[in-house]
Structure formats: structure tokens, C-alpha cells
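Trainee: Dropping the structure in here first, questions after.
Each value in this text was obtained by applying a stated rule to the coordinates, not by laboratory testing. As the structure is a computational prediction, the values presented were derived from the model and not from experiment. Heads up, the Cβs are rebuilt from the backbone with ideal geometry, glycines too, and the neighbour counts pull from every protein chain shown.
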Amino acid sequence: MVDIPPLYDVHLLKFHVEVFAKTAVSNGIWLMGEWHAQKPRDRREFSPKLQHLFEPRCWPEALRTLEGFDSTTRFRIFAVSFMYHANAGESLFQRLISMHPEMLREALDAEWMRVRSRVGRTGIQFKDNDVAKERLHRIADSRYDSQLSKKE
């Protein structure tokens, strides 16, 4: 039997799992923020507002709530929240969930840890919102002052 080489080069499409994870985690924070902003009595009353997708409401409470969930629940929230924002990646994301759930879970956990560490580096504590705002203003003021001194 003769082995005939294919006429084209066979290669697999590369999934950029990190891009999906970044979108899913940010959408998850938005979705939980919407939940806190609306305070629905049951799931049927909840209608997330897409106009707040890029500026999540109640994000400290959302992060605190997501932190309290186990990894499996966070995974489900991130997966569901990805579908709220129409970005033409839904079918690929569904394939990724069905074909490589462990790879996606690992990417989502890594992105979640990155978001948590980024928030932690700014010194924001989510237990007291007033303290967080005060610290955030101090950080912003110090960055502004350092940029002024560079110009002079």
C-alpha cells in the first residue's frame, strides 16, 4: 500500500485560552456587580444591564462574593457571563468548554489570581469601602504628583 501525502498541511487551530479567560473573568465581575446593584429577590427578577459591562457597578462586593465561591462555582459564573456579551467568540468558547474544560478552568483560575493580585497590589481592602476609596485616591494622587515632578 502506497502512503500518499496530503495536498495541504494539516494543523490544528490554536486556541488563545487566555483571551477567553480574560473576557470571562471581567464579565463575571460585571455580572456579580449587577447582581449586587439590583439586589433581586429571585433569579427571575434579575436582568443585567449591558450598558454597565465596561464599568461594572459594585465591583468590590462582586470581587468579595466571587472570592467566597469555590472554584467550580466561579467557573460556572465565568462561563455563563461570557455569553452575555456578544463578541463573536461564543461558539469557540462553547467548543472550548466541551473539548478542553480542564485547560479552560486552569486559564480562568490563572486570570482570577491575576485579577486578585492586581487588586491586592493597589492596597485596596474590600472589607471597608470607604477605606478602599481613600486608598485609591492616595494612589491616584501619588501617581499624579510623580508625573508632575517628571515634567518639571
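Trainee: Tell me, what is the percent relative contact order of region 17-121, built from C-alpha pairs under 8 Å that lie six or more residues apart? Let's see the in-between values first.
Mentor: Values: 83 pairs, mean separation 42.3, N = 105.
Reported relative contact order: 40 percent.
Trainee: Let me ask something else. Taking 0.36 nm per intervening residue step and subtracting the Cα-Cα distance, what contour gain separates His100 from Arg116 on full extension?
Mentor: 3.3 nm
Trainee: So, one more: With the cut-off at 1.5 for a/c, could you classify region 32-72 from its C-alpha gyration tensor as rounded, prolate or oblate?
Mentor: Because a/c hits 1.5 or more and a/b fails to exceed b/c, region 32-72 counts as oblate.
Trainee: Right, something else. Report ³J(HN,Hα) in whole Hz for each residue of region 65-75, in order, from the Karplus equation J = 6.51 cos²θ - 1.76 cosθ + 1.60 where θ = phi - 60°; Gly and Pro get x.
Mentor: So the J values, rounded to whole Hz, are 5, 4, 5, x, 7, 7, 4, 5, 5, 4, 4.
Trainee: Turning to a different aspect of this structure: Beta carbons within 10 angstrom, averaged per residue: use that to sort the peptides 90-103, 23-36, highest first.
Mentor: Going by the mean number of other Cβ atoms within 10 Å, highest first, we get 23-36, 90-103.
Trainee: Quick one: order Glu111, Glu55 by neighbouring beta-carbon count within 10 Å, fewest to most.
Mentor: Neighbour counts put them in this order, fewest first: Glu55, Glu111.
Trainee: Show the residues, 5+ positions off or on another chain, whose built amide H is closer than 5 Å to the amide H of Met83.
Mentor: none
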